[in-house]
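Trainee: Once you've had a glance at the structure underneath, I'll fire off some questions.
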Amino acid sequence: MSADLVERVRQRLASTGAGVTFAAVAEAVRAEAGGVVGDADVLDALRVLRQEFVGAGPLEPLLRDPATTDVLVTGPHEVWVDGQDGLRRTGVRFRDDDAVRRLAQRLALAAGRRLDDAQPYVDAWLPGSGPAGRLRLHAVLPPIAAGGTCLSLRVLRPAVHDLDELARLGTFDAATGALLRAVVRARLAFLVVGGTGSGKTTLLAALLGCVPAHERVVCVEDAGELQPRHPQVVRLIARLPNIEGAGEVTVRDLVRQSLRMRPDRIVVGEVRGAEVCELLNALNTGHDGGAGTLHANSPAEVPARLEALAALGGLGRAALHSQLAAAIQVVLHVRRESSGARRLVEIGLVERSADEIRVRAVWRYADGWQPARPKLAALLTERGVSAPW
């Protein structure tokens, strides 16, 4: 079929609002062709048009692959996928840049967001979830994207591994796993830090699975990733504004609400903004054992990273360091190796030195135990938990 005929059929279906069924496509093809057409042409039109009207179109098979974490479109013939084996180019092709643009606009509309020349970029969560997991959409239209429409889809699958399974996968060894369990039993507050896709949420969910069953855990997220294997979890998920810009519920709002829900432990799935102020306040009001994740290159950089986020909430440097000293005790650093494996590479202890906070290494994957080990042992002992060494 010619591209012109397919376009006319597309416009006819869009204008009538008919579903993309065999009957609707057949009727539209024959009406636009002005005569008799073969079954093969009808089936070809059905395949092309269903890709544009249903799901993520030609990207759907990539998203359904359990190994996929990201699907990236940088042009009609440039479709990439990221997963366990790293970033690789696929054989998926779009007809032209207009086809990429139409898919991006349709997905944006499904998320209740606008994407056009007046608003040429969008960042949104697609509603619901399916076999692929929840999808985060980011798209940029030309001329902002100089090479054509750019579309990024991040697959967020529930993190359900427990510590034993992570140990089998090589994330850490048995001795390190025992230390992680001791940190949870002692109700030490901790942050899991690392880069995008390094396994922060997976490790956090596994640690929450070790929380005693009688404790109530309230998890606050901007995406529904955390699903720890724990019998008493309350999950609060932030909401983006609708197409009119109304109805937003932020992570910061939800952290405040969590304090009224009788939590034993408060968890923020990802600390990325001013909500750090509420989290630190919460952890300083008797809610021991809280946790969260944070984008940071190393444990040593955590204080500076939190300073920048706290400034968004109007919290000064001195106040941030004062609250941080009492709120967080342990920092866990995970990293994605070049092989694609996720690994716990450092455990750090938050310490106050004069008027500043620093994170000293307790253990490193490359070097073993570090000088802060005795201080962590003393902290565990204070909480009634023996150091597992």
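Trainee: Would you point out which residue out of Ser152, Ser129 is among the hydroxyl-bearing types (Ser, Thr, Tyr) and at pLDDT below 95?
Mentor: That would be Ser129, the only listed residue that is among the hydroxyl-bearing types (Ser, Thr, Tyr) and at pLDDT below 95.
Trainee: Of the residues Arg229, Arg168, Arg185, which is surrounded by fewer than 19 Cβ atoms within 10 Å (Cβ to Cβ), under 22 Å from the mean Cα position of the chain (by Cα) and either more than 30 Å from Leu87 (Cα to Cα) or assigned by the TED database to the domain that holds Ala341 (or both)?
Mentor: Going through Arg229, Arg168, Arg185 in turn, just one is surrounded by fewer than 19 Cβ atoms within 10 Å (Cβ to Cβ), under 22 Å from the mean Cα position of the chain (by Cα) and either more than 30 Å from Leu87 (Cα to Cα) or assigned by the TED database to the domain that holds Ala341 (or both): Arg229.
Trainee: Next up: Name the residue, out of Arg256, Arg260, Arg216, that is assigned by the TED database to the domain that holds Phe172, at pLDDT 90 or above and under 27 Å from Asp164 (Cβ atoms).
Mentor: Every option except Arg216 fails the conditions.
Trainee: With the condition kept exactly as written, say whether any residue in region 285-299 is touching a residue at least 12 places away in the same chain (Cβ under 8 Å), within 19 Å of Ile237 (Cα to Cα) and more than 23 Å from the chain's Cα centre (by Cα).
Mentor: no
Trainee: Looking only at region 289-317, count how many residues are within 22 Å of Val184 (Cα to Cα) and either among the aromatic types (Phe, Trp, Tyr) or loosely packed, with under 15 Cβ neighbours inside 10 Å (or both).
Mentor: Selection size over region 289-317: 0.
Trainee: Kindly check whether there is at least one residue in region 240-251 that is surrounded by 15 or more Cβ atoms within 10 Å (Cβ to Cβ) and charged (D, E, K, R).
Mentor: Among the residues of region 240-251, not one is surrounded by 15 or more Cβ atoms within 10 Å (Cβ to Cβ) and charged (D, E, K, R), which makes the answer no.
Trainee: A further question on this structure: Residues to consider are Leu320, Leu380; find the one that is over 30 Å from Asp85 (Cβ atoms), surrounded by 13 or more Cβ atoms within 10 Å (Cβ to Cβ), in contact (Cβ under 8 Å) with a residue 60 or more places away in the chain and not acidic (Asp, Glu).
Mentor: Leu380
Trainee: Has region 337-352 got any residue that is surrounded by fewer than 18 Cβ atoms within 10 Å (Cβ to Cβ), of a type outside the set (Val, Ile, Thr) and over 27 Å from the mean Cα position of the chain (by Cα)?
Mentor: Checking region 337-352: at least one residue is surrounded by fewer than 18 Cβ atoms within 10 Å (Cβ to Cβ), of a type outside the set (Val, Ile, Thr) and over 27 Å from the mean Cα position of the chain (by Cα).
Trainee: Among the residues in region 32-46, are any outside any helix (DSSP H, G or I) and at pLDDT 70 or above?
Mentor: Yes, region 32-46 has at least one match.
The values are calculated or read from the model by the stated rules, or taken from the named source; none is laboratory data. Note that the structure is predicted; figures quoted are calculated from it, not measured. Every residue, glycine among them, receives a Cβ derived from its backbone with ideal geometry; neighbour counts consider all protein chains shown.
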